[in-house]
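Each remark here refers to the structure printed beneath this line.
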Amino acid sequence: MNIVLIFFGVTIFSIMLTMGVNDSSQQLISLWRRPAILFRALLAVIVLVPVVVVALLLIFDLPPAVATGLALLAAAPGAPLTTTRGKIAAADTTYISSLQLTVALMAVVVTPLTLAVFYRLFELTIEAVSPLHVASQVARVTFLPIVIGLLLQHFAPKFTALIRKPLNILAMVLLVLLALVAVIILLSTAELRAGLLVGWQAGTAIVLMAVGALAIGHFIGGPRADQRGALATACVARNFGLALYITGLSEAGAASMLTLVVYLLIGMALATPYGLWIRRQVE
């Protein structure tokens, strides 16, 4: 498990470093200059989506491993491929890039605080992991690489331009390998294999989380279709890699991997037709 955890950490670090070298500081602060829009976006991504998950955990009688998986997804906003996925919906690229970077930087505070709320409300399998420990780990694998990337752009622009494309390729390869490692762990662990047939309550809760996230972004995103699509994409696209990484911080967390994988697949299955529908409105 230590080797897997190191691989998860290296992968997330590489993806976040790629984000830092691709998006400029001007892109980062573009949304900060529009505080009302930024407030609505942050409210949707880091507050309302977790509220939906709290409601689902209160309504459905879910196993602790499933509840933990949903809590981790709620606490892990800022998916690295949010901007890429937003292109399907013809999203406002400046808006979604700024939101993605902002949320990724805020994860060092948002993730442990959100998990702390879930710890107090529900029985989670990762209760042994303290919020302070989660914060320090998230800072190392998300906050630090983004800041390094932004600093490289500022102080070594030629070097940054040279490494940008190789880093993009490396990050994409590592992300694919990360998903494959998660699937291999699922298939090679007897207890996890036994849970591959998700019960109707767990399946319904996962679908409702994805639908709820899309709806929150769509209705709070404002009158412009390209921004509604961008915010809906940011809400539904939780940071799968970061959530996987946190599961690795606790031996009991491995049982939640199935929930993360199922949500990833369902989220993509729902977000793709939604994005195409929004694209027709934009175009």
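Numbers for the structure displayed
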{"item": "Residue in the stretch 238-262 that is nearest to Val108 (Cα to Cα), counting only those that are modelled with pLDDT of 85 or more and in contact with a Gly (Cβ under 7 Å, 6 or more places away or on another chain)", "result": "Asn239"}
{"item": "Test result for Ile15, surrounded by fewer than 16 Cβ atoms within 10 Å (Cβ to Cβ), under 17 Å from Leu105 (Cβ atoms) and in contact with a helix residue (DSSP H, G or I) (Cβ under 9 Å, 6 or more places away or on another chain)", "result": "no"}
{"item": "Residue list for the stretch 18-57, restricted to those being farther than 23 Å from Gly229 by Cβ, modelled with pLDDT under 95 and surrounded by fewer than 19 Cβ atoms within 10 Å (Cβ to Cβ)", "result": "Ser25"}
{"item": "Some residue of the stretch 113-125 being more than 18 Å from the chain's Cα centre (by Cα), closer than 22 Å to Gly9 by Cβ, in a loop (DSSP other than H, G, I, E, B) and without any contact (Cβ under 8 Å) to a residue 24 or more places away in the chain", "result": "no"}
{"item": "Ala202 vs. criteria small (Gly, Ala, Ser), touching a residue at least 40 places away in the same chain (Cβ under 8 Å), within 15 Å of Leu72 (Cβ to Cβ) and part of a helix (DSSP H, G or I)", "result": "yes"}
{"item": "Where a residue in the stretch 136-159 is within 15 Å of Tyr245 (Cβ to Cβ) and its partner, wherever it lies, is surrounded by 14 or more Cβ atoms within 10 Å (Cβ to Cβ) and of a type in the set (Ser, Thr, Tyr), with Cβ under 9 Å and at least six apart", "result": "Gln137/Tyr245; Val138/Thr111; Val138/Tyr245; Val141/Thr11; Val141/Tyr245; Thr142/Thr111; Pro145/Ser14; Pro145/Thr18"}
{"item": "Helices (runs of 4 or more DSSP H) enclosed by the stretch 7-86 - at least 1 residues per element that are within 16 Å of the chain's Cα centre (by Cα)", "result": "35-42, 49-59, 64-75, 82-86"}
{"item": "Residue count, the stretch 147-170 (criterion: under 15 Å from Leu101 (Cβ atoms), among the hydrophobic types (A, V, I, L, M, F, W, C) and either surrounded by fewer than 12 Cβ atoms within 10 Å (Cβ to Cβ) or touching a Ser or Thr at 6+ places or on another chain (Cβ under 8 Å) (or both))", "result": "2"}
{"item": "Some residue of the stretch 179-186 being at pLDDT below 90 and not in a helix (DSSP H, G or I)", "result": "no"}
{"item": "Ala91 being buried (at least 19 other Cβ atoms within 10 Å of the Cβ), closer than 22 Å to Leu152 by Cβ and modelled with pLDDT under 90", "result": "no"}
{"item": "Check on Ala213, under 25 Å from Pro63 (Cβ atoms), within 20 Å of the chain's Cα centre (by Cα), at pLDDT below 90 and in a helix (DSSP H, G or I)", "result": "no"}
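Residue-wise test of (1) surrounded by 24 or more Cβ atoms within 10 Å (Cβ to Cβ); (2) part of a helix (DSSP H, G or I); (3) among the polar types (S, T, N, Q).
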| residue | (1), (2), (3) |
| --- | --- |
| Pro223 | no, no, no |
| Asp226 | no, yes, no |
| Leu231 | yes, yes, no |
| Cys235 | yes, yes, no |
| Leu244 | yes, yes, no |
| Leu249 | no, no, no |
| Ser256 | yes, yes, yes |
| Val261 | no, yes, no |
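The values are calculated or read from the model by the stated rules, or taken from the named source; none is laboratory data. Note that this is a predicted model, so its numbers are computed, not measured. No Cβ is skipped: glycine too gets one built from the backbone with ideal geometry, and neighbour counts run over all protein chains shown.
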